[in-house]
Structure formats: structure tokens, C-alpha cells
Amino acid sequence: MLDPQRSSNPLGGDAARVAEHYDNYVQAEAERLEKFCPVEYAVTQRYLAGFVPDRSTVGEIGVGVGHYSESLARRGCRLHLVDVSGSLLRAAEKRLRAAGLASSIAGLHHASATTLPFSDLSLDALLVLGPLYHLRELEERRQAVNEAARVLKPHGIVLAAGINRLTFLRDMFRSPDPFSAKFFGSELAGAGMSFGRELASRGKFGAGQEPGPGEFVAQFLATGNLDPKHAPPIGYAHLTTVAEFRELMTAHFVELALAGVESFTGPWQDVFHSKTAEEKAGWLDIIEATGTTPEGVAYSDHFLFVGRSVEMGESAVGSRH
């Protein structure tokens with residue numbers, strides 16, 4: 001197996017905490033997309049096929065266990081795999097090696113999205129399908145987007161994901177979804193009880209009083225920031241809004257698409273497994289079409305931004321297509 005190259009900048013702060021979280025839940029990552037979120041997986045695959053050309057040189061930042069790496073490798077892409085979790089990097093390499101695709105790996109990098117180990121203008125495409133919702137500070141998110149713009153060639157393609165802020169509130173309101181119940185059941189029970197107490201105490205902590213638990217609700221609504229106590233399945237995270245996410249990405253990229261990945265299927269993705277192949281194809285057409293409408297974006301768990309790198313002298317502002 002390849003030895004991941006470690007960044008010269010040691011992981012610290014949230015990056016180190018996120019790495020620890022995923023090091024402990026590799027099996028959960030291995031099962032999440034294919035078993036519990038098949039619509040997210042299939043629609044994202046469609047966008048990759050539509051925007052990342054065959055035989056591209058691709059940086060995959062937040063590689064997970066290599067689900068998307070495998071499909072890109074099968075199209076002849078050369079892959080630079082990056083993650084803060086060494087365990088996930090090893091799992092992704094193992095997946096590609098088992099599929100006979102190890103030669104597609106150009107490098108394994110144990111690094112953060114805020115400091116990419118690539119030269120300027122060196123990649124054809126960049127996937128940032130996880131890091132932006134694990135960077136709780138705005139300056140860090142901006143730094144990650146700056147880095148993405150730096151390493152992409154002219155006309156390079158970026159695909160970046162954000163998580164809809166309302167999904168946390170939805171999941172606190174309902175019973176745990178099957179994925180969360182399987183891997184985080186006991187932790188979620190405690191999180192739900194804690195959140196209930198915070199709702200009851202909200203607004204009862206005035207000026208001059210000690211900070212109380214009810215302050216979390218107001219903080220989350222204002223910032224979208226989460227922690228393992230309140231959101232065990234995702235840990236340290238930032239959930240975004242459409243306007244915030246678009247503003248972040250279009251600072252450096254021409255917008256080619258902004259889609260809600262799951263559209264109307266979010267809480268019921270497991271039903272997708274029961275459909276025939278013909279039904280799946282038909283439903284994916286509808287999900288993809290509705291996912292670019294305001295209603296479809298708002299309904300979705302994940303926002304997907306597809307952008308093109310800005311050329312010299314070109315402004316990304318006002319570039320929506």
C-alpha cells in the first residue's frame with residue numbers, strides 16, 4: 001500500500017477533530033452512500049460524468065472511502081486523493097486496489113482543504129464534496145475556495161458540496177433516519193434530549209446571566225455551526241444556506257450549475273433500492289430536473305455547486321448561468 005504524504009502544515013483545530021471522527025467511523029462512511037443515500041450517490045455520479053472529462057487529472061478533497069474515485073478511475077482519470085483522515089485514505093486506496101485501479105492513483109495526501117499540496121494551475125478538475133461542511137470558520141471556508149481556484153487550470157472544473165442548514169432541524173424534529181440509527185443511535189438519543197431541553201430554555205437567559213444551554217438554538221440559526229454533542233453523525237460541521245453557499249463559490253468560479261442533489265427524495269432515499277432499473281433511470285431524470293429549481297434546491301439535503309475557474313481578467317461576479 002502507498003504511504004500517504006503528510007502536509008507540512010500539521011492538522012489542528014477542527015481539522016484534527018474531524019479526522020478523529022472519521023477515523024472512528026470508516027464503516028459508516030463505507031455504507032452511507034450506496035446503502036442509505038443511493039439517490040445522492042447516483043445524482044452526484046451524473047454530475048461527475050457530465051462535467052469531468054475522461055482522462056482528467058483530478059484532485060479529490062475529502063475522498064471518503066473512494067466511491068467517486070472508483071468511477072473516475074474507470075474513466076481513465078489520474079487521481080490525487082486528499083483527506084484529513086488517514087483511515088479513509090487507506091480505505092479509498094484499498095477500494096481502488098481491489099478493483100484493479102491502483103495505477104490511477106497519482107498520490108495520497110494527508111492534508112486539509114485549506115492547504116492543498118498541489119502546484120498552481122496543475123489540475124483539470126477538483127472535487128470538494130465534504131470539506132466545506134466541516135470548516136466552521138468563514139475564513140477557513142474562503143481559504144479552501146481560494147486554494148481550489150489556485151490549483152485549477154484555466155477552464156478547470158470544481159464540484160463542491162454544502163449541506164442545507166434546515167436538515168439538522170428536520171432531523172431533530174423526527175425519529176432518527178436508518179443510517180443515523182444504525183451507527184449513532186445512543187448518541188442521537190442523548191442529543192435529542194439535550195436539544196429538547198435547549199428549546200424549552202431558549203430565551204430565558206438575559207443580559208448579565210451565565211450562558212445557558214438555550215443559547216445553542218440561536219447560535220445555530222445564526223451560524224449553522226454544529227458539534228458532536230448536538231450532531232453525532234457529522235460532528236464538527238457547518239451547515240449552509242443557498243445564498244451563503246453561492247456567494248462563497250462565485251467569489252472565484254463561474255457558476256455552471258447549483259443543484260439540490262436529492263430534490264424531493266431526501267428523507268426516503270432507501271426506497272430507491274426497491275425500484276426496477278427502468279424506474280430508477282426515470283426517477284433520476286425527474287430528480288435531476290427538479291433539483292435545479294428553487295423548490296428542489298430548498299428540499300435537498302445537499303447543495304452541489306459546479307463551477308469553472310475564472311480566467312485572467314474575468315470576473316466570476318454576476319456569472320450565473
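A short reminder: the numbers here are calculations on the coordinates, not readings from a lab. On a predicted model such as this, the values are computed, not experimentally measured, just so you know. For neighbour counting, all protein chains shown are included, and Cβ atoms are generated from backbone atoms with ideal geometry for every residue, glycine included.
Residues Ser180, Ser71, Ser119, ranked from the fewest to the most other C-beta atoms within 10 Å, line up as Ser119, Ser71, Ser180. Bridge orientation summary for the chain: considering DSSP beta bridges with both residues in this region, about 40 percent are antiparallel.
A Gaussian network model of the chain, with springs between Cα atoms under 10 Å, assigns the largest mean-square fluctuation among Gly100, Gly13, Gly162 to Gly13.
Taking only the Cα atoms of region 82-241, the ratio Rg/Rh comes out at 1.06, with Rh defined as the Kirkwood radius.
Between rounded, prolate and oblate, where does the chain land on the alpha carbon gyration tensor, with a ≥ b ≥ c its root eigenvalues, rounded for a/c under 1.5, else prolate if a/b exceeds b/c? Verdict is rounded for the chain. Among the trypsin sites (Lys or Arg not before Pro) within region 152-205, those in coil by DSSP and having at most 14 neighbouring Cβ atoms inside 10 Å are Arg174, Lys204.
Listed from fewest to most Cβ neighbours within 10 Å, the set Ile61, Ile163, Ile286, Ile105 follows the order Ile286, Ile105, Ile163, Ile61. For the cross-link pairs Lys94/Lys275; Lys35/Lys229; Lys35/Lys275; Lys94/Lys280; Lys182/Lys229, the ones whose C-alpha atoms lie over 21 Å apart are Lys94/Lys275; Lys35/Lys229; Lys94/Lys280.
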